[in-house]
Amino acid sequence: MFNGRFDHSIDEKGRVSIPARFREVLQRENHDRLYITNFPFDGERCLALYPPSQWETLNAHLRTKPRFDPRVQVFETLIIGGAHEVPVDRQGRILIPPKLREYASLDREVTFSARQDHFQLWDKQTLEKVLKATEEKIMDPEFFAKLGL
């Protein structure tokens, strides 16, 4: 569904333009809003952005899990509880809520990164650090064998 990585800038009001390729996918599926939430990754923080159909799929899957499982409760507290529904304006921009900008340490320079059915928004320098660490992990000769690819 989504692919690629794109650098953008957040304006002084906290708005950022969604990459054109991502907007095309959203428009094809008639999505005029996104769900944006906290997302921890490998000791760092970013934001996860879901189209409404994928957000509902995630929530439907979560409803199949034991309600009182501590992991489900942690997930609901951080991911579901931290989510905001944001409209995509006519210029293809979204307003990132201040608490989420603060959570992911988003300043001016950010990077959108695809994740198949949704995408992430990172502080540009943080993502560069994560990608460097990821490259080291993928150099392990058994990485792809363990992944089953």
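All of the numbers you see were taken from the coordinates with simple rules; none came from a lab. What you see is a predicted model, and the numbers here were worked out from it, not measured in a lab. Cβ sites come from the backbone with ideal geometry, for glycine too, and all protein chains shown count toward neighbours.
Counting only residues that are among the basic types (Lys, Arg) and touching a strand residue (DSSP E or B) at 6+ places or on another chain (Cβ under 9 Å), which one in the range 1-31 is farthest from PRO87 (Cα to Cα)?
Applying the filter and picking the extreme gives ARG5.
Since ASN59 meets every condition but one in (1) outside any helix (DSSP H, G or I); (2) more than 26 Å from ASP123 (Cα to Cα); (3) polar (S, T, N, Q), which condition does it not meet?
(1)
Please enumerate the residues belonging to the range 39-54 that are surrounded by fewer than 19 Cβ atoms within 10 Å (Cβ to Cβ) and at negative phi.
First, the residues of the range 39-54 that are surrounded by fewer than 19 Cβ atoms within 10 Å (Cβ to Cβ): 40-45, 52-53.
Once the filter is applied, which keeps residues that are surrounded by fewer than 19 Cβ atoms within 10 Å (Cβ to Cβ) and at negative phi, the range 39-54 yields PRO40, PHE41, GLU44, ARG45, PRO52, SER53.
Which of the residues belonging to the range 91-149 are part of a loop (DSSP other than H, G, I, E, B), more than 22 Å from ILE36 (Cβ to Cβ) and among the hydroxyl-bearing types (Ser, Thr, Tyr)? Write out each step before concluding.
Of all residues in the range 91-149, those part of a loop (DSSP other than H, G, I, E, B) come to 91-92, 96-97, 104-108, 117, 139-142, 148-149.
When the remaining residues are screened for being more than 22 Å from ILE36 (Cβ to Cβ), the result is 139-142, 148-149.
Residues satisfying the conditions do not exist here.
With (1) in contact with a helix residue (DSSP H, G or I) (Cβ under 6 Å, 6 or more places away or on another chain); (2) surrounded by fewer than 16 Cβ atoms within 10 Å (Cβ to Cβ) as the list, and HIS61 as the residue in question, which single condition is left unmet?
All conditions are met except number (1).
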